[in-house]
1. Could you check the simple spin-label distance between ASN43 and LEU61, using points 7 Å along Cα→Cβ, in nm with one decimal?
2. Among ALA72, SER49, THR6, which residue has its Cα furthest toward the positive end of the charge dipole of the chain, with +1 on Lys/Arg Cβ and -1 on Asp/Glu Cβ?
3. How long are the semi-axes of the ellipsoid equivalent to segment 15-85, from square roots of 5 times the Cα gyration tensor eigenvalues, in whole Å, largest first?
4. How far apart, in nanometres, would the label points at LEU76 and GLU13 be if each is projected 7 angstrom from Cα along the Cα-to-Cβ direction?
5. Pairs of alpha-carbon atoms within less than 8 angstrom and 6+ residues apart define the contacts here; what relative contact order does segment 42-84 have, in percent?
6. How much net charge surrounds SER60 when only the other residues with a Cβ under 12 Å from the Cβ of SER60 are counted, with Lys and Arg +1 and Asp and Glu -1?
7. Can you return the lysines within cross-link range of LYS77? Criterion is Cα-Cα under 24 Å, with same-chain partners fewer than 8 residues away left out.
8. Please go through the chain and write out the trypsin sites (Lys or Arg not before Pro) that DSSP classes as loop and that have at most 14 other C-beta atoms within 10 Å.
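We did not get these values from a lab; they are worked out from the coordinates using the rules stated. Worth saying up front: this structure is predicted, and the values here are computed from it rather than measured. For neighbour counting, all protein chains shown are included, and Cβ atoms are generated from backbone atoms with ideal geometry for every residue, glycine included.
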Amino acid sequence: MEIDQTNDQASQEQANQEQAMMQEYNDLVVEKQNEKSGNVTKNDFEMISIIGKGSYGKVSLVKKKDTGQLYALKVLKKSEIVRRN
């Protein structure tokens, strides 16, 4: 009986620790989401070079200012797309 009770207490303690860790993780996710507005604008990027040009627009190599991550940014001419339907 004593061994079963000890195992139950250990299991309950582990479950409590897992729940506390999950709550801490969720709080951190919410905090990070609140820090970031969620909207990305052209001002968030630094243009490095033009990769290519076409009839609809151009593709540029850009670097995100806050992370340094490289991306290809496609800039389209909306009027040209609407015109060509």
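1. Label at ASN43, label at LEU61, 2.7 nm between them.
2. My answer, from the dipole projection, is SER49.
3. Computed over segment 15-85, the values are 40, 15, 10 Å.
4. 5.9
5. 32
6. That sum, taken over residues with Cβ under 12 Å, equals +4.
7. By straight Cα distance, LYS77 reaches LYS42, LYS53, LYS58, LYS63, LYS64.
8. Counting only loop positions with at most 14 other Cβ atoms within 10 Å, the trypsin sites (Lys or Arg not before Pro) in the chain are LYS36, LYS65, LYS77.
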